[in-house]
1. Take L29 and decide whether it is within 18 Å of L90 (Cβ to Cβ) and either of a type in the set (A, V, I, L, M) or in a helix (DSSP H, G or I) (or both).
2. Quick one: in the stretch 36-95, which of the residues that are farther than 22 Å from K171 by Cα and small (G, A, S) is surrounded by the most Cβ atoms within 10 Å (Cβ to Cβ)?
3. Could you grab me the full set of residues in the stretch 76-112 that are modelled with pLDDT of 90 or more and among the basic types (K, R)?
4. State which residue is farthest from the chain's Cα centre (by Cα) when the search covers only the stretch 16-34 and only residues that are closer than 14 Å to S96 by Cα and open to solvent by 70 Å² or more (accessible area, probe 1.4 Å).
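The values are calculated or read from the model by the stated rules, or taken from the named source; none is laboratory data. On a predicted model such as this, the values are computed, not experimentally measured, just so you know. For neighbour counting, all protein chains shown are included, and Cβ atoms are generated from backbone atoms with ideal geometry for every residue, glycine included. We work out accessible area using only protein heavy atoms, side chains counted, and drop any ligands, DNA or RNA first. Shrake-Rupley method; radii C 1.70, N 1.55, O 1.52, S 1.80 Å.
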Amino acid sequence: MSVFGLNLFGDAKPKISAEDQAKNWKRALQKEIRGIDRGISKLGAAEKGAIKECKKLTKEGQPKAAKLLAREVVNIRKARDRMHASKAQLNSVVMSLQMSIANIKIQGCLSKSTEVMQAMGALVKLPELQADMMTMAKEMERAGLVDEIVQETFEMAEPDIDIEVDEEVAKIMHELTSDIFTKDADVATGAP
């Protein structure tokens with residue numbers, strides 16, 4: 001890099017500080033959280049539409065089609081629950097990054113204070129501290145924690161087939177059709 005800030009000889013990009021990198025990750029994660037929120041609201045609208053259509057098909061006397069829609073309602077609810085879990089995990093990662101940013105700031109303050117470093121040097125053996133700092137630096141470079149949490153989030157987001165789906169479908173069918181059958185029962189028991 002030249003004195004004037006021009007990149008004349010193809011030098012590599014300037015390195016981003018750990019704090020700036022953590023802030024960039026935090027922004028990206030918050031963007032993903034907003035996307036998940038939008039997905040959750042879309043699923044809510046889809047669920048309402050499916051319930052409305054299921055009721056309509058039940059009134060028209062099409063139980064097979066209504067049962068298929070009820071199964072879709074179950075799937076939508078499960079997807080929404082998975083999205084809430086993913087959002088919670090991403091919020092946890094954001095909080096961890098925020099804590100890392102705070103630790104980086106503390107580390108910067110400590111490195112600037114020679115008195116504190118001298119006092120720490122007197123209290124802690126230097127080789128042990130150096131080994132700990134090297135280990136921590138390697139861990140921060142790898143950012144393995146963030147990768148593991150993101151991988152766990154994607155593993156949890158995979159759809160799974162449960163036996164409980166049929167029970168949920170039956171519950172939803174009962175929930176959706178209970179008011180229809182009670183109205184018909186009132187009509188049938190009423191006086192002519």
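1. On the way: within 18 Å of L90 (Cβ to Cβ): yes; either of a type in the set (A, V, I, L, M) or in a helix (DSSP H, G or I) (or both): yes.
Against the criterion (within 18 Å of L90 (Cβ to Cβ) and either of a type in the set (A, V, I, L, M) or in a helix (DSSP H, G or I) (or both)), L29 qualifies.
2. Result: S86.
3. Hits for the stretch 76-112 are R77, K78, R80, R82, K87.
4. If we take residues in the stretch 16-34 being closer than 14 Å to S96 by Cα and open to solvent by 70 Å² or more (accessible area, probe 1.4 Å), then K23 is farthest from the chain's Cα centre (by Cα).
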